[in-house]
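Participant: First, the structure itself, so that you have it in front of you.
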Amino acid sequence: VSAELRIPAGELTSGQAKRYQLGSVPVCVVRIGEDFYAIGDTCSHANFSLSDGEVDSEECSIECWKHGSAFSLVDGKPRSLPATKPVPVYPVRVDGTEVVVKLP
Ligand code: FES
């Protein structure tokens, strides 16, 4: 069974990350311009929230605020240490004024 998270696109401004919860899954949704990305919100290095980190719009990544690993918003892979494992990436589409994130 898959689940959908629907949020108004206007809740996010460009360069912003926000944490949402779908059931037991914490999701970090990021807006860069008119593009939206969704990755698992929990850093793969330790239990910290990626949405509290800083978005790099040019690199299309988000940096964990705790120890500084940057995660690609496209494939979820860490681009820098100390994290070595990827975080999940969820498909996103825009449906009118809503952003729809699909979770497996
Ligand atoms: S908790 Fe994210 S890099 Fe350490």
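What follows is calculated from the coordinates using simple rules that are stated; it is not laboratory data. Keep in mind it's a predicted model, so treat the numbers as computed, not measured. Cβ: placed from backbone, ideal geometry, glycine included. Neighbour counts: every protein chain shown.
Participant: Just grab the label-to-label distance for E4 and D52, each label 7 Å out from Cα along the Cβ direction, in nm (one decimal).
Facilitator: Reported label-point gap for E4 and D52 is 3.2 nm.
Participant: Enumerate by residue number the chymotrypsin sites (Phe, Trp or Tyr not before Pro) in region 9-90 meeting two conditions: DSSP loop (anything except H, G, I, E, B), and at most 16 other Cβ atoms within 10 Å of the site's Cβ.
Facilitator: Sparse-neighbourhood loop chymotrypsin sites (Phe, Trp or Tyr not before Pro): F48, W65.
Participant: I'd like the Karplus ³J(HN,Hα) series for region 91-100: coefficients 6.51, -1.76, 1.60, θ = phi - 60°, whole numbers in Hz, and an x wherever there's a Gly or Pro.
Facilitator: 3J(HN,Hα) across region 91-100, in whole Hz: x, 10, 9, 9, 10, x, 9, 10, 9, 10.
Participant: Follow-up. List, in order, the whole-Hz ³J(HN,Hα) value for each residue of region 55-64 obtained from phi through the Karplus relation with A = 6.51, B = -1.76, C = 1.60 and θ = phi - 60°; use x for Gly and Pro.
Facilitator: Calculated HN-Hα couplings, in order: 7, 10, 5, 6, 7, 6, 9, 10, 9, 5 Hz.
Participant: Another question about this same structure. List the aspartates and glutamates whose Cα sits under 12 Å from the Cα of K66, skipping any in the same chain fewer than 8 residues away.
Facilitator: D52, E54
Participant: Please work out the Kirkwood hydrodynamic radius for region 54-98, using every pair of different C-alpha atoms, and report it in angstroms with one decimal place.
Facilitator: Taking the inverse mean of 1/r over all distinct Cα pairs, region 54-98 comes out at 11.3 Å.
Participant: Amide H to amide H under 5 Å from L73: which residues, 5+ apart in sequence or cross-chain, H placed 1.01 Å off N in plane?
Facilitator: S61, I62
Participant: Follow-up question, since we're still on this one. Pull up all non-local amide H partners of S80: gap of 5 or more, or a different chain, and H-to-H distance under 5 Å with H placed in the peptide plane.
Facilitator: Those lying under 5 Å, H to H, from S80 are A70.
Participant: Another one. Tabulate in residue order the Karplus-calculated ³J(HN,Hα) for region 72-82, using 6.51 cos²θ - 1.76 cosθ + 1.60 with θ = phi - 60°, rounded to whole Hz; enter x for Gly and Pro.
Facilitator: 5, 7, 8, 10, x, 7, x, 9, 8, 6, x
Participant: One-quarter of the Cα convex hull surface for region 14-54, in nm²?
Facilitator: 2.8 nm²
Participant: Okay, moving on. Could you work out the mean projected area of the convex hull around the alpha carbons of region 1-93, in square nanometres to one decimal?
Facilitator: Mean shadow area of the hull around the Cα atoms is 5.6 nm².
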